[in-house]
Amino acid sequence: MASPWCWSCLSPLRTPRAILPSSTTTTRITTAGFHSTAVQYAMPAKKNKNSITQLKYRQGQTLRRKKKKATENRARPPAIGERKAMRKRIVLSNPNALEVEGMQELSPETMIDNRLRGSVLGLPVTMLDQLRAVQAFKPRQGWNIFRRPGTVLRRDALELGQLFEKISGDDPAEKGKVVRKIITGPKGSGKTVHLLQAAAMGFLKNWVVITVPDAYELVSGTTSYSPIEGSNPPQYVQPNATSALLKRTVEANSKVLESLKVSQKHAGLENLKPTMTLKDLAQLGLGDAALSWPVFQALWAELTATSPAPGMENGFQSRPPTLVTVDGLSHWMTKTAYRAEDYSFVHPHDLVFVQHFLSLLKSDKPTLKNGGMLLYATSTSNNPSSYSLEVGLDQMIARQDGVSPTSPDYPAPEAYSNADPRVLELFKPTAASGKEGVLELQTLGGLTREETRGYLEYFAQSGLLRENINEKWVSERWSLSGGGIIGELEKLGRHVSAPAKLAQPTPDVE
Amino acid sequence: MVFILGVNFPERNLLKKSLQSFFGIGNDTSSRLLARFNIHPTCRVGELANKQVLDLTAVLSEMKIENDLRREVLNDIKRLKETGTYRGRRHALGLPVRGQRTRTQIKTPVKLNRMERRL
């Protein structure tokens, strides 16, 4: 194109009007330096309103960008509680999973059968509602990948079954014993499921099962609390949490509680009649949260009663043993989110609910007079650090190893560590009195190789694993799972991998 | 709906947040109020017993909050201006009062510090 400028004098050349395009089609004629796009098609530049000259007095010359408008979300938000319900939903069955042929159920016979060690026993279908009521299942435990919920009969479970058998058996030396255990173990080692197995065995043996599925809820400041008048130092009741505990207990144990009658007189509950069942008694606390703590105390007194009060002998039945499980113990060993009136943090042991369950760990006084079991598990997924608890558990380990509390090897809190004396007091050795067993520490580890094999075969039979399960492969998985940690095994088992050749799982072939 | 100090709060609201909606009550004061009446930190307005509502209202009405507090703060600024102090002058000029630089970042004093100061 010819230049519109004269090269000699740099003045614009006149162009014949006919050559110029008409002004109706193009508004501006410019040349574009580096663009190949026709400039005339570009949008006319807008006047810049935010030019510096228009700035007001004492306005900064900073770069101002227009804020992006938040995109309006037209979708209706989920109803109140819906998201939480989805999060906490527990699915116990998967119709896509294969039914495992010849799968045995947990029963009073199978739970002590050593030959079944390593096999997965189904939880009885009739019991699932009870287990749900005591919140024994937790979300994300992998129940939803199998046709029906089942648990491995590992060594610890067999030992547990034998304890149940002994305590509710006929042997006078063992009957009515109280077993106290703190259950620890690495992450995924099956502590919560161990409690679930205990609850299931308790239901099978017609025990009363009382659970605290999450110790955190009592100290996280999410449930109401009120001081007990006249208590010094102030102690607090948690009416709604107690009411929830009663609800769980009533729903899960209604059959046992219905068969037992009120046999004692209780302060604060004058209108009780001897014809009332324990279920009626417990239900008093459901409607009125203010009554729930006295009602729970009354229910506890009834369950631990060995003989009726005078004048109430009518139809007294001996009480069954009681199972108490608590999950997430370390939350009860740190400070709570509750505040006292002077704005100091409430110590968890000042909450009477917590104090009640912790006092059961002491074996110097009779607690569960009709026998029973106390299983308190620590958690690793939601675990506040509590130095005092660590020291307490170390002391228990040392005692179990035969270290005397007076010996210099006995673990003690470090100087200036500010360990909580109330927590340490809890783990001090107490002598066993009568049938009250001393507090033991049980550490859950991994499964053995044989148990691992049984567990993985269950995956294969459910159609999840398409592998030829042999000794070598099982051994490999056992090592991969950190020595048979069951949570890791579950991850390995549920990970569907495409094998080179589709082989039917044949458990007998090596 | 629950009346606390003449204000109507929906029952679903958190009590702590509702208390903080009063001018002069922040995180600390509201926490202390809750602790004083043994109310748990995640309590909703609807969960309060009648007595607790009355107690809270009684305490709040004795505190210097809302218009009383606003008036006090404005009076303090006015006193500074009237006595001709440097701080008072800075308040009146719409400039930062506490020795901040004025080259940039003084939007807040420009917005707030003026002769007829509002809160």
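A compact table of results
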{"item": "Residue list for the range A:59-101, restricted to those being outside any loop (DSSP other than H, G, I, E, B) and exposed (fewer than 10 other Cβ atoms within 10 Å of the Cβ)", "result": "A:R87"}
{"item": "Hits in the range A:203-214 (condition: assigned to a helix (DSSP H, G or I) and out of contact with any helix residue (DSSP H, G or I) (no Cβ under 6 Å at 6 or more places or on another chain))", "result": "A:L204"}
{"item": "Considering residues of the range A:61-120 that are within 14 Å of chain B (Cβ to nearest Cβ) and of a type in the set (S, T, N, Q) only, the residue nearest to A:L163 (Cα to Cα)", "result": "A:T62"}
{"item": "Hits in the range A:102-155 - residues which are in a helix (DSSP H, G or I), among the aliphatic types (A, V, I, L, M) and closer than 22 Å to A:G493 by Cβ", "result": "A:L116, A:I145"}
{"item": "Selection within the range A:317-332 - closer than 25 Å to A:P366 by Cβ and crowded, with 17+ Cβ neighbours inside 10 Å", "result": "A:R319, A:P320, A:P321, A:T322, A:L323, A:V324, A:T325, A:V326, A:L329, A:W332"}
{"item": "Residue in the range A:453-473 that is outside any loop (DSSP other than H, G, I, E, B) and β-branched (V, I, T) present", "result": "no"}
{"item": "Subset of the range B:64-77 that is in contact (Cβ under 8 Å) with a residue 24 or more places away in the chain and of a type in the set (K, R) - its residue that is nearest to B:M115 (Cα to Cα)", "result": "B:R70"}
{"item": "Residue match in the range A:419-428 (condition: of a type in the set (K, R), within 27 Å of the chain's Cα centre (by Cα) and surrounded by fewer than 16 Cβ atoms within 10 Å (Cβ to Cβ))", "result": "yes"}
{"item": "Hits in the range A:288-312 (condition: without any contact (Cβ under 8 Å) to a residue 60 or more places away in the chain, over 28 Å from the mean Cα position of the chain (by Cα) and not in a helix (DSSP H, G or I))", "result": "A:S307, A:P308, A:A309, A:P310, A:G311, A:M312"}
{"item": "Spans of helices (runs of 4 or more DSSP H) in the range B:25-119 with at least 3 residues surrounded by fewer than 13 Cβ atoms within 10 Å (Cβ to Cβ) and more than 14 Å from chain A (Cβ to nearest Cβ)", "result": "B:50-62, B:66-82"}
{"item": "Test for A:K247: is it part of a helix (DSSP H, G or I), away from chain B (no Cβ under 14 Å) and not polar (S, T, N, Q)", "result": "yes"}
{"item": "Test: residue in the range A:184-202 that is in a loop (DSSP other than H, G, I, E, B), touching a Lys or Arg at 6+ places or on another chain (Cβ under 6 Å) and either under 24 Å from A:N382 (Cα atoms) or within 14 Å of another protein chain (Cβ to nearest Cβ) (or both)", "result": "yes"}
{"item": "Meets criteria (part of a loop (DSSP other than H, G, I, E, B) and of a type in the set (S, T, N, Q)) for A:N253", "result": "no"}
{"item": "Residue that is farthest from the chain's Cα centre (by Cα) [pool: residues in the range A:220-233 that are part of a loop (DSSP other than H, G, I, E, B) and at the interface with another protein chain (Cβ under 9 Å from one of its Cβ atoms)]", "result": "A:Y225"}
{"item": "Residue under evaluation A:E174, criteria (1) surrounded by fewer than 17 Cβ atoms within 10 Å (Cβ to Cβ); (2) closer than 24 Å to A:S379 by Cα, criterion not met", "result": "(2)"}
{"item": "Which numbered condition A:L389 fails, given (1) of a type in the set (A, V, I, L, M); (2) within 25 Å of A:L160 (Cα to Cα); (3) out of contact with any Ser or Thr (no Cβ under 6 Å at 6 or more places or on another chain)", "result": "(3)"}
{"item": "Residue that is assigned to a helix (DSSP H, G or I), within 14 Å of another protein chain (Cβ to nearest Cβ), surrounded by fewer than 23 Cβ atoms within 10 Å (Cβ to Cβ) and acidic (D, E), where the choices are A:E217, A:E159, A:E165", "result": "A:E217"}
{"item": "Tally, over the range B:20-49, of residues that are without any contact (Cβ under 8 Å) to a residue 40 or more places away in the chain, over 20 Å from A:E217 (Cα atoms) and within 20 Å of the chain's Cα centre (by Cα)", "result": "10"}
{"item": "Members of the range A:117-137 found to be under 22 Å from A:E217 (Cβ atoms) and surrounded by 18 or more Cβ atoms within 10 Å (Cβ to Cβ), listed by number", "result": "A:Q130, A:L131, A:A133, A:V134, A:Q135, A:A136, A:F137"}
{"item": "Count - residues of the range A:313-337 that are basic (K, R) and part of a helix (DSSP H, G or I)", "result": "0"}
{"item": "Any hit, the range A:400-411, residues being modelled with pLDDT under 95, among the small types (G, A, S), surrounded by 15 or more Cβ atoms within 10 Å (Cβ to Cβ) and in the same structural domain as A:Q235 (by TED's automatic domain parsing)", "result": "no"}
{"item": "Answer from B:L60, B:L54, B:L80 - the residue that is among the hydrophobic types (A, V, I, L, M, F, W, C) and touching a His at 6+ places or on another chain (Cβ under 8 Å)", "result": "B:L80"}
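Let's see how each residue does on (1) touching a Ser or Thr at 6+ places or on another chain (Cβ under 8 Å); (2) within 14 Å of chain B (Cβ to nearest Cβ):
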| position | (1), (2) |
| --- | --- |
| A:A241 | yes, yes |
| A:L260 | yes, no |
| A:G285 | yes, no |
| A:W300 | no, no |
| A:T325 | yes, no |
| A:S330 | yes, no |
| A:D342 | no, yes |
| A:S359 | yes, no |
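The values are calculated or read from the model by the stated rules, or taken from the named source; none is laboratory data. All figures in this text were calculated on a predicted structure; none of them were measured in a lab. Glycine also receives a Cβ, built like all others from the backbone with ideal geometry; neighbour counts cover every protein chain displayed.
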